[in-house]
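Below is one structure, written out as structure tokens; the observations come after it.
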Amino acid sequence: MAEYQGFLTTHSGQRWAIVVSRFNQRVTDRLLEGAVDTLIRHGAAADAIDVFWTPGAFEVPNMVHFLGEGNKKYAAIITLGAIVRGDTPHFDFIASSTTASLADLNRHSTIPVIFGILTCDTMAQAEDRADGKAGNKGGEAALAAIEMADLYYRLKE
């Protein structure tokens, strides 16, 4: 039986894309800081990280699709955002469609698409997940990206 797994190893020449929603920016700024810090701590060069801002989470899948089409540039695409429940069904529509779109893009992509979009009931929950009590989910998304990119790298050898 053969087993394959990725490790928290970056490789020379790898570039990283981070697509981040500007909506709820006080949260997404911290998610981005966590992701960038994690990539750099694991060997990625700061100039090998490209950040793409979208107006909101709903636009993130479109940018991922654009970046991933025929991709030869990025080892992985990390998505970051914060969708917080309000008083209307808007949350349900945005969270559901964004999640489904990113899952579909990940399934059909030749590179890892990492889901780092928070879906929270309150702003306090979002803040807890962006460098609060629950750690930094941006950093966790970057770890998943590194591991998956390494697995793809190993499978191409």
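Any read-out appearing in this document is the output of simple, stated calculations on the displayed coordinates, not a laboratory observation. Here the structure is a predicted model, which is why all the values come from computation and not from measurement. When we count neighbours, we look across all protein chains shown, and the Cβ atoms used for this are built from the backbone with ideal geometry, even at glycine.
Details
- Cα-based convex hull, the chain, per residue volume (Å³, whole number): 117
- Kirkwood radius and radius of gyration were both taken over the C-alpha atoms of the range 30-70, and their ratio Rg/Rh is 1.03.
- Note: relative contact order over the chain, using C-alpha pairs below 8 Å and six or more positions apart, is 35 percent.
- Dividing the summed -39500 (n - 2.57) terms of all DSSP H runs of n ≥ 4 by the residue count of the chain sets its mean residue ellipticity at 222 nm at -14500 deg cm²/dmol.
- Positive minus negative residues near Ser101 (Lys, Arg vs Asp, Glu; Cβ under 12 Å): -1
- Per-residue extension of 0.36 nm, minus the Cα-Cα distance of Thr88 and Asp104, leaves a gain of 3.2 nm for this segment.
- Kirkwood Rh (inverse of mean 1/r, distinct Cα pairs), the range 90-157, angstrom: 13.5
- Extension gain, Trp53 back to Ser97 (0.36 nm per residue minus Cα-Cα distance, nm): 14.0 nm
- Overall Cα dimensions of the range 4-75 - principal axes, largest extent first, Å: 34, 29, 26
- Near the amide H of Phe23, within less than 5 Å, lie the amide hydrogens of Gly56, Ala57, all on another chain or at least 5 residues away, with H placed in the peptide plane.
- Charge sum, other residues only, whose C-beta stays under 13 Å from Ala134's C-beta, Lys/Arg counted +1 and Asp/Glu -1: 0
- Charge dipole magnitude, Cβ of K and R +1, D and E -1 - the chain, Cα centre, debye nearest 20: 220
- Charge context of Met63, other residues only, Cβ under 13 angstrom, K/R +1, D/E -1: -2
- Kirkwood Rh in Å, taken over the range 35-112 so that all alpha-carbon pairs contribute: 13.9
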